[in-house]
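Report on one structure; see the data block that follows.
No value in this document is a laboratory result; all are computed from the given coordinates. Note that the coordinates shown come from a computational prediction; the quantities given were computed from them, not determined experimentally. Please note: Cβ atoms are built from the backbone with ideal geometry, for glycine as well, and neighbour counts cover all protein chains shown.
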Amino acid sequence: MNRDIRSRSLATAILATARFEFERSLSAGRLSVMACLALFPPCITLISILGQAASVGQFEQAVDVFIAVTCYIVCVLASLIWSTTVVTAELEGKTWAYSASRPGGRIAIAIGKYLVSCFWTAIVTTLAITASLMVRSVLIGGGNELQTWLVLVSAGVAATVAYGSVFLLLGAIFQRRAMVAAIVYGLLFEGIIAAIPAVISNLTVRYPLTYLVFRGLLPDNILKSDFFTTFYSDYGILNAIIALAGIILITFSVAIALIRYREFITSDEA
Amino acid sequence: MVEFENVTKLYGTVIGVNDLSFTLKQGAYGLLGPNGSGKTTLINLLMGQLKPTIGMVRVLGANPWRDDSILGRIGLCPASELLVANASARQWVTFQTELHGFRHDMAQELADRSLEKVGLAGAAADRPISTYSLGMRQRTKLAQALAHEPELLVLDEPFNGLDPVGRHEMNDLLRAFVKDGGILLLASHVLHEVEAVKPNFLLICGGRLLASGSPSEVRQLLTDMPAEVRLETDDPQRLASRLLEDGLVERVKLEPDGAMVVMTRRAHEFFEQLRVYSGESLVVRRMRGQTESLDELFSLLMRRHRGEL
């Protein structure tokens with residue numbers, strides 16, 4: 001027996017899962033999906049700027065916000081596609097029984113696949129942001145590109161991790177139709193509830209995230225406007241960071257606990 | 001050692017397994033039962049994938065639901081088909097072995113050794129699994145179960161898709177595993193597939209353990225079971241009356257097509273007597289056992305379990 005030479009480390013199993021999933025993800029199908037997602041924001045930015053060419057000089061901030069919104073949508077979509085399916089893809093692909101019959105296998109699969117999902121989502125989002133800002137820079141110029149890039153990429157990475165955790169949890173809760181549940185969550189919570197100027201919007205990822213982006217991109221006069229203060233009151237950067245960290249920590253921990261202890265029925269036989 | 005103590009598993013109001021109690025020590029065990037009998041539920045309980053609703057499961061001294069480190073000593077080959085996209089057998093078996101905690105290089109070595117053992121070495125092991133035949137997938141599944149050198153091997157329908165040569169090789173492999181001191185649990189719904197490994201039997205149906213024991217004990221049990229036989233003869237009335245007179249059958253039913261179906265508990269004497277009757281011009285032209293399929297056999301065992309027979 002080889003038990004003596006096993007590292008028995010969960011980290012080894014997680015890294016093995018991440019490496020295996022990463023290699024598998026380099027398929028033509030997935031690379032095409034990534035390309036489509038990454039190219040969507042720069043294309044739509046190009047179209048919108050060209051459409052507003054006559055008054056382009058007045059739209060610098062608006063274009064920045066437009067880029068932020070399209071890249072945000074791409075980030076949420078990529079996360080939804082790849083993080084929601086962490087568990088369900090294993091169950092539907094009938095590979096769950098194999099991985100789950102390893103010591104710590106359930107956790108290793110969940111975290112390893114989550115890391116790969118976050119990696120690709122972050123790559124796609126960063127590419128989309130970079131390409132969109134290049135389009136903006138070439139057609140309009142004049143802005144602080146580096147600061148905008150840093151703000152949007154940081155927000156993109158934070159959104160990737162946060163949405164990844166939320167969708168991982170939804171995938172762990174809903175063994176069937178997890179994608180439908182994730183879309184409903186996205187539309188209801190992140191689409192509607194996050195836009196309500198009330199305490200409940202604090203429970204969404206979008207609320208603290210957009211606050212951080214606005215603080216990084218918009219000039220002081222807009223940040224001090226009635227509209228902004230009505231919506232965010234005295235929220236503050238620290239509160240936004242704590243809220244995001246809290247959402248990530250809670251959803252990720254609950255997802256992992258659920259994946260470890262839930263009885264996933266993998267066979268039709270009862 | 002594997003111990004099930006009064007284990008019941010409910011899926012809501014549906015019973016998966018019902019009050020199972022047995023102990024498996026070193027050796028081979030054939031878990032037999034028709035489809036939907038609870039074999040996979042039993043295996044999932046054993047592997048810690050399901051929590052018993054009632055009762056206790058202990059595998060190699062640990063509760064597998066709470067302590068999943070025990071899984072490092074178990075090899076599982078599930079019944080479900082292997083559908084892994086964009087990976088070869090070597091990559092996949094190496095990955096599955098790494099999940100057991102082995103370093104990549106060590107896992108690769110163990111995977112290669114295991115693939116060779118199941119007859120899937122060389123270039124074939126580097127082809128994508130999606131291009132494999134059913135038999136090759138079956139070998140890949142077995143390789144991942146054996147690679148980490150488990151003490152307990154659980155195989156769910158492992159002979160699916162294997163040709164006769166493959167079955168023979170698989171049997172040799174499993175016999176060697178048992179000879180080396182392992183515990184083998186082989187689940188199947190086909191009796192003769194399991195028999196070749198010469199195991200003890202666990203007969204399960206409707207989530208209940210209907211019978212267990214060595215091959216000779218199970219054979220005796222089956223001999224004692226009432227058997228239904230369909231007979232075709234030129235004079236069914238006369239044959240029926242002779243059989244009833246001699247007390248060899250409990251029930252006789254004449255079919256519209258002229259055949260007769262009898263139920264006997266003394267199969268051996270019954271068949272001997274038919275030979276005697278043939279000398280009295282009571283010739284049986286055709287004879288067929290009505291309990292040939294395992295489903296029918298289990299149905300009889302279930303009725304016996306309920307005390308109806």
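Rounded is the label for the range B:226-290, because a/c, from the alpha-carbon gyration tensor with a ≥ b ≥ c as root eigenvalues, stays below 1.5.
Dipole of the protein assembly as shown computed with +1 at Lys/Arg Cβ and -1 at Asp/Glu Cβ about the Cα centre; of B:Tyr29, B:Phe159, B:Gln273, farthest Cα towards the positive end is B:Tyr29. Quick one: grab the alpha carbon gyration tensor of chain B, order the square roots of its eigenvalues as a ≥ b ≥ c, and give me rounded if a/c is under 1.5, else prolate or oblate depending on whether a/b is larger than b/c. It comes out prolate by the Cα gyration axes.
Rounded to the nearest 20, the size of the Cβ-charge dipole of the range B:2-212 about its Cα centre is 280 debye, with Lys and Arg at +1 and Asp and Glu at -1.
For Cα pairs less than 8 Å apart in space and 6+ apart in sequence, what is the mean separation divided by the residue count of the range B:2-212, i.e. the relative contact order in percent?
With pairs under 8 Å counted, the relative contact order is 30 percent.
Taking other C-beta atoms within 10 Å as the exposure proxy, A:Cys36, B:Cys77, A:Cys43 rank A:Cys36, A:Cys43, B:Cys77 from fewest upward.
Bridgeable lysines around B:Lys9 (alpha carbons under 20 Å apart, same-chain partners fewer than 8 residues away excluded): B:Lys39, B:Lys51.
Karplus-derived 3J(HN,Hα) values for the range A:182-187, using 6.51 cos²θ - 1.76 cosθ + 1.60 with θ = phi - 60°, are 5, 5, 4, 4, x, 6 Hz; glycine and proline are entered as x. Enter the angle in degrees (range 0 to 90, nearest 10) between the Cα long axis of helix B:215-224 and the first principal axis of the Cα atoms of chain B, meaning the one along which they spread out most. That works out to roughly 30 degrees. Can you tell me the 0 to 90 degree angle between the C-alpha axis of helix A:60-83 and the longest principal axis of chain A, rounded to 10? Between the helix axis and the principal axis of chain A, the angle is about 10 degrees. How high is the FRET efficiency from B:Thr23 to A:Glu263, r the C-beta distance, R0 22 Å, rounded to 0.05? That gives a FRET efficiency of 0.35.
With each run of n ≥ 4 DSSP H residues scored as -39500 (n - 2.57), what mean residue ellipticity at 222 nm is computed for chain B after dividing by its residue count and rounding to the nearest 500 deg cm²/dmol?
Calculated from helices alone, the mean residue ellipticity at 222 nm is -11000 deg cm²/dmol.
Estimated purely from DSSP H runs of n ≥ 4, each contributing -39500 (n - 2.57), the mean residue ellipticity at 222 nm for chain A is -24000 deg cm²/dmol once divided by its residues. GNM on chain B, alpha-carbon springs under 10 angstrom: the most fluctuating residue among B:Glu255, B:Glu280, B:Glu109 is B:Glu280. Across A:Ile109, A:Ile49, A:Ile242, mean-square fluctuation computed from a Gaussian network of chain A (C-alpha pairs under 10 Å connected) peaks at A:Ile242.
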